[in-house]
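The values are calculated or read from the model by the stated rules, or taken from the named source; none is laboratory data. These figures come from a predicted structure and were not determined experimentally. Virtual Cβ from ideal backbone geometry, glycine too; neighbours counted across all protein chains shown. In case anyone asks, the SASA skips ligands and DNA or RNA and just uses the protein heavy atoms, side chains included. Shrake-Rupley method; radii C 1.70, N 1.55, O 1.52, S 1.80 Å.
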Protein chains: 2
Amino acid sequence: MNIFYVPPAQINNGFAELLDQEAIHASKVMRAREGDKLTIVDGVGGRYEGIVRRITKKSVQVEIKDEQHSLPPKPQLVLGMGIIKKRDRLEFAVEKAIELGAAQIGLFRSEHTIKENVRMDRLESIAVSAMKQSLQSHLCNVEIYHSLDIMLDVVTVDNILVAHEKVDETNGDIDYKSVHNSDRTLLLVGPEGGFSEDEIEEFVNRGADLVSLGPNRLRAETAVVAFLSQFL
Amino acid sequence: MNIFYVPPAQINNGFAELLDQEAIHASKVMRAREGDKLTIVDGVGGRYEGIVRRITKKSVQVEIKDEQHSLPPKPQLVLGMGIIKKRDRLEFAVEKAIELGAAQIGLFRSEHTIKENVRMDRLESIAVSAMKQSLQSHLCNVEIYHSLDIMLDVVTVDNILVAHEKVDETNGDIDYKSVHNSDRTLLLVGPEGGFSEDEIEEFVNRGADLVSLGPNRLRAETAVVAFLSQFL
């Protein structure tokens, strides 16, 4: 793929500078040469067409010929999910979530999760790849929050939906209108083991809708993709 | 998990016999002892409660105390998908598809796929695990077909939906009624690279509906989970 990610800090005065992995990929893998065309996305809605001007060991300088800037899609879907213990499943969930439209992902440690270290570098790398793969120019921000409460306080949204396994009178169908009319909707998926009663009560107090993802018992990463798939 | 898979052939005269991996898991991992209770599913709707009677090196004999038989859910969702080259992505797709309700999976080689060997033993193992994980008693049948045409001839369904990226006047929303009223609906997801024009024409000739999974560009395994998630 001929798309490269360069943060805005490295785009100045009509030039973009590829560094680190992007530079290596361009020069060694794609064998870019002076005069070659390539496309750059800056993670904040900018897409640039450029021409390679200078290649050094550690960087590739690109002269920008054309640029377009786009707004992020509305409504923005923010995914809040409990940290999944197994790394490959967690990475799968993050990658799929971004492909399916998550603009931001908050990973939280829950009452039910064991304290695990998370390889954020890998998740950030996955976010960059998923952005390129989906031909998008907005980079999904992936953050870890020490607790669910902290995440709920920090992440500002005007609508909250919680995927909940228990079927009772508070569970219902998804109110698509509420999502469509919002600026930012938080989609909450429980950690393995689900949300605790206290956590569910906290959500309801914050005005969240509890929704069911069907009768099947789903793994956490499957619930993530199933939930986001409802808004395609 | 205290659920074991025993095919009907090994369930006779009020006794079930665990063999191979199931026997090893019961005796060595779960440390089952004579008199222990366990649950068995037979892959065709039967769920049995039993008591361990005899443990040998290679088998575990269980006396059946109670049994229930259930019909498969209607409508049955049959997933047809092009073979995904990378094994871990293919295995994720199969595992998620079964969790999300696929009763049968047909993998086909398409005009666009390179001839790959598929580890069917791993996929069958995944199908058994997914059945247990979802607390189901029907085992999803996973088959490989040498071509899409062969699969379409062999798999009998009364409704076909095809996930198609191209947006034109034939793409539409999903006709949930047609799915709900069917006995068996085939959900077709293209291989990496999508379906060819000829393949699309073949589907339309067979009366299939072309449906869109939204504007995002999705990897094949993501399209699989997104498509199945529409029917939760």
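For this structure, a couple of remarks:
- Selection within the range B:1-54 - more than 14 Å from residue B:129 (Cα to Cα) and in contact with a helix residue (DSSP H, G or I) (Cβ under 8 Å, 6 or more places away or on another chain): B:16, B:17, B:18, B:19, B:32, B:38, B:44, B:46, B:52
- Of all residues assigned to the range A:135-147, at least one qualifies as being more than 21 Å from residue B:223 (Cβ to Cβ) and among the β-branched types (Val, Ile, Thr).
- Note on the range A:207-217: residues that are at the interface with chain B (Cβ under 9 Å from one of its Cβ atoms) and under 14 Å from residue A:195 (Cβ atoms) amount to 2.
- Here residue A:153 clears all of (1) closer than 30 Å to residue A:42 by Cα; (2) assigned to a helix (DSSP H, G or I); (3) open to solvent by less than 50 Å² (accessible area, probe 1.4 Å); (4) away from every other protein chain (no Cβ under 14 Å) except the condition numbered (3).
- Boolean, residue A:50 is at negative phi, outside the structural domain of residue A:116 (by TED's automatic domain parsing), modelled with pLDDT of 95 or more and buried (at least 19 other Cβ atoms within 10 Å of the Cβ): yes
For (1) surrounded by fewer than 22 Cβ atoms within 10 Å (Cβ to Cβ); (2) more than 18 Å from the chain's Cα centre (by Cα); (3) more than 13 Å from every other protein chain (Cβ to nearest Cβ), each residue gets a yes or a no:
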residue: B:57; (1), (2), (3): yes, yes, yes
residue: B:68; (1), (2), (3): yes, yes, yes
residue: B:77; (1), (2), (3): no, no, no
residue: B:84; (1), (2), (3): no, no, yes
residue: B:87; (1), (2), (3): yes, no, no
residue: B:96; (1), (2), (3): no, no, no
residue: B:120; (1), (2), (3): yes, no, yes
residue: B:140; (1), (2), (3): no, no, no
residue: B:144; (1), (2), (3): yes, no, yes
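- Residue list for the range B:170-191, restricted to those being in a strand (DSSP E or B) and under 14 Å from residue B:81 (Cα atoms): B:185, B:186, B:187, B:188, B:189
- When the range B:175-227 is filtered for residues that are touching a residue at least 24 places away in the same chain (Cβ under 8 Å) and β-branched (Val, Ile, Thr), the ones remaining, listed by number, are B:179, B:185, B:189, B:200, B:204, B:211, B:224, B:225.
- Counted residues, the range A:168-192 - those being open to solvent by less than 60 Å² (accessible area, probe 1.4 Å), farther than 20 Å from residue A:220 by Cβ and at pLDDT 90 or above: 4
- Residue match in the range B:170-179 (condition: away from every other protein chain (no Cβ under 14 Å), in contact with a helix residue (DSSP H, G or I) (Cβ under 8 Å, 6 or more places away or on another chain) and either closer than 21 Å to residue B:104 by Cα or not hydroxyl-bearing (Ser, Thr, Tyr) (or both)): no
- Subset of the range B:1-43 [loosely packed, with under 12 Cβ neighbours inside 10 Å, small (Gly, Ala, Ser) and in contact (Cβ under 8 Å) with a residue 12 or more places away in the chain]: B:35
- Counting residues in the range A:192-199 that are of a type in the set (D, E, K, R), assigned to a strand (DSSP E or B) and more than 14 Å from every other protein chain (Cβ to nearest Cβ) gives zero.
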